[in-house]
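Down below is the structure, laid out as structure tokens.
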Amino acid sequence: MDLMEKNLELVENQKLEGHTDRVWSVAWNPVSSNADGVSPILASCSGDNTVRIWEQSSLSRSWSCKTVLEETHTRTVRSCAWSPSGQLLATASFDGTTGIWKNYGSEFECISTLEGHENEVKSVSWNASGSLLATCSRDRSVWIWEVLEGNEYDCAAVLSEHSQDVKMVQWHPTMDVLFSCSYDNTIKVWWSEDDDGEYQCAQTLGESNNGHSSTVWSISFNAAGDKMVTCSDDRTLKIWGTDITKMQSGEEYAPWTHLCTLSGYHDRTIYSAHWSRDDIIVSGAGDDAIRLFVESKHDSVDGPSYNLLLKKNKAHDNDVNCVQWSPGEGERLLASASDDGMVKIWQLATKQ
Amino acid sequence: MTLGLINANPVVQAKKERLVRTQDQYRDDGVDPLDIYEYVRDIRDPEHPYTLEQLSVVSEESVTIDDELDRILITFTPTIQHCSMANIIGLCLRAKLKESLPLHYKVDIRVSPGSHADENGVNKQLNDKERVAAAMENPNLRQLVDECIYSDEI
């Protein structure tokens, strides 16, 4: 199936209104979007200090706000992440704390608050098994937390090698290797030689490795975990790759190398990039547009190359801060969050 | 706020006479550089009881507009090379324009080339909207910025 040949468009299914300030991030619940009879659930977080949980009705197919998580964070909630089981939601806030919320069906309760960062927490990520949590902050550090019995979270590591504000953390999709990206223009890879051991910075992807020349805002992996895309204030997307067999053997560190840079497509900061299960890369940028990219079918000696599949101008009335493909099988749904205060649900469909 | 002023002896120019603009001079749509300048010229300097215009921090030439894309670039000149108030001034410019302009305008703020020792550092911070948002949530900083942008109403 060559996507470039199909006549595809991004159709706006619905606009989710409710937040009273910019929406920074969205996160799809990993579990609910799969099986039949279970409704897709989406979390969004905002400069209005709240998190909203949205659910799609299986009957009417329309989305509504199921609940608002409020009166916990005292400042902007910058990002959120569901645990792999879909039972817990972690929320990262400018108030310096990370909230852990448990889904009790119709209600959410904040069961734990992780403290320790000196200032704004920017991002939170669960590892594949849900046994570890990572957070990062303007205080330049990345923290790893162990998830213990009885809603207990133990700080397992404080990693302080970034020289500036850390914008995002993201665990590898299959291995317990942690990635962080920063205002210092680098991406760092944190690896533990022994499973039970200490995390160290195994690699820094900077300008000398064909890295970004300005703040790196986000990281996203392909399903196999052998490639990742990063996006930056330098207005480029970069594709990186690793030897996944070597990585999975776990014996030695498998380095990441630059594969490709997509430049000339964006003229404002790119805040978010996400790699779908079927290899479509979506970007959200400061020019209010959403763009989709796919790998070119034509072989090249220099490595993979990517083509613009489509560009949705004026996807929002303001900057697009976050774009996320839904994890579900079947229809290709996309959620986007913007400075215009909206969350939008999109569908990638063939033009009629 | 600090024991001694960063720049105790700024050069102050007289306030320029204001031109009364006739209807003809206004564009039908959008804004022009003079509109933007009107919003920022009277912002008070965080350290001295003078406006940014009087201290030559901003001038009419500070504003560039891309009409097609609705993008605005403002450059400002801190009074001295090592001015630690540069970030505050930048935040004041952002805050004032955010409340004065329609939301879809993109605003970039920079110090005039060569006017500050840490030009790249200041520019990067002022144009990182997450950093700006977090700074503006700081009540002390917010208060200082408000005092500067609302000074003509006090």
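The values are calculated or read from the model by the stated rules, or taken from the named source; none is laboratory data. Quick caveat, the model's predicted, so the values are computed rather than measured. Neighbour counts are summed over all protein chains in view; Cβ atoms, including those assigned to glycine, are modelled from backbone coordinates with ideal geometry. Surface areas here come from the heavy atoms of the whole protein model, side chains and all, with no ligands, DNA or RNA. Shrake-Rupley method; radii C 1.70, N 1.55, O 1.52, S 1.80 Å.
Assorted remarks:
- The range A:316-338 and the range A:187-207: distance between their alpha carbon centers, rounded to Å: 30 Å
- Scanning chain B for long hydrophobic helices, with DSSP H runs required to stretch 24 angstrom or more by C-alpha along their axis and to average at least -1.0 on the Kyte-Doolittle scale, returns nothing.
- Euclidean distance of C-alpha centroids, the range B:97-134 and the range A:56-100, integer Å: 30 Å
- Antiparallel DSSP beta bridges within chain B, percent to nearest 5: 45 percent
- Secondary-structure-derived ellipticity at 222 nm for the protein assembly as shown, considering helices only, amounts to -3000 deg cm²/dmol, per-run term -39500 (n - 2.57) for DSSP H runs with n ≥ 4.
- Subtracting the Cα-Cα distance of A:ASN307 and A:GLN164 from 0.36 nm times their residue separation leaves 48.2 nm of extension gain.
- Estimated distance in nm for a label pair at A:GLU118 and B:GLN13, the labels positioned 7 Å out from Cα along Cα-to-Cβ: 4.1 nm
- Between chain A and chain B, the total buried accessible area stands at approximately 1800 Å², from heavy atoms with a 1.4 Å probe.
- Computed label-point distance, nm, for sites B:LEU69 and A:GLU207 using a 7 Å Cα→Cβ extension: 2.2 nm
- Solvent-accessible surface (1.4 angstrom probe) belonging to A:VAL158, in square angstrom, nearest 10: 80 Å²
- Residues whose amide H comes within less than 5 Å of that of A:CYS322, counting only those at least five positions distant or on another chain, are A:ALA337 (H built at 1.01 Å from N in the peptide plane).
- Rounded accessible area per residue of the protein assembly as shown, 1.4 Å, Å²: 45 Å²
- B:TYR150 paired with B:LYS98, simple spin-label distance in nm, labels 7 Å along Cα-to-beta-carbon: 1.5 nm
- Rounded is the label for chain A. Its Cα gyration tensor axes, ordered a ≥ b ≥ c, give a/c under 1.5.
- Beta bridges per DSSP with both ends in the protein assembly as shown, % antiparallel, nearest 5: 95 percent
- Share of carbon and sulfur in the accessible area of the range A:41-184 stands at 40%, probe radius 1.4 Å.
- Gaussian network model of chain A, Cα within-10 Å springs - most flexible of A:PRO40, A:PRO304, A:PRO173: A:PRO304
- The residues of the range A:163-201 occluded by other protein chains by 40 Å² or more of accessible area, set against the chain on its own, are A:TYR183; surface from heavy atoms, 1.4 Å probe.
- Karplus-derived 3J(HN,Hα) values for the range A:70-86, using 6.51 cos²θ - 1.76 cosθ + 1.60 with θ = phi - 60°, are 9, 6, 10, 7, 9, 9, 2, 9, 8, 7, 9, 8, 7, 5, x, 6, x Hz; glycine and proline are entered as x.
- Once the C-beta distance of A:ASN151 and A:LYS314 is scaled by a Förster radius of 45 Å, the resulting FRET efficiency is 0.55 to the nearest 0.05.
- At most 13 other Cβ within 10 Å, DSSP loop - trypsin sites (Lys or Arg not before Pro), the range A:1-104: A:LYS6, A:ARG61
- Residue among B:ARG110, B:ARG44, B:ARG131 with the largest mean-square fluctuation in a Gaussian network model of chain B, springs linking Cα atoms under 10 Å: B:ARG131
- Placing +1 on the Cβ of every Lys and Arg and -1 on the Cβ of every Asp and Glu, with no other charges, gives the range A:20-133 a dipole of roughly 320 debye about its Cα centre.
- Efficiency of FRET between A:SER39 and B:ASN120 - r from beta-carbon atoms, R0 56 angstrom, step 0.05: 0.70
- With 24 Å as the limit on Cα-Cα distance, the pairs of A:LYS122/A:LYS311; A:LYS167/A:LYS312; A:LYS66/A:LYS344 that go past it are A:LYS122/A:LYS311; A:LYS167/A:LYS312.
- Computed over the range A:1-92, Cα set: Rg, Dmax in Å: 15.1, 49
- Within a Gaussian network of chain A (alpha carbon springs, distance under 10 Å), most fluctuating of A:LEU133, A:LEU59, A:LEU89: A:LEU59
- Cα-based Lys pair tally, chain B, threshold under 26 Å, eight or more apart or on separate chains: 12
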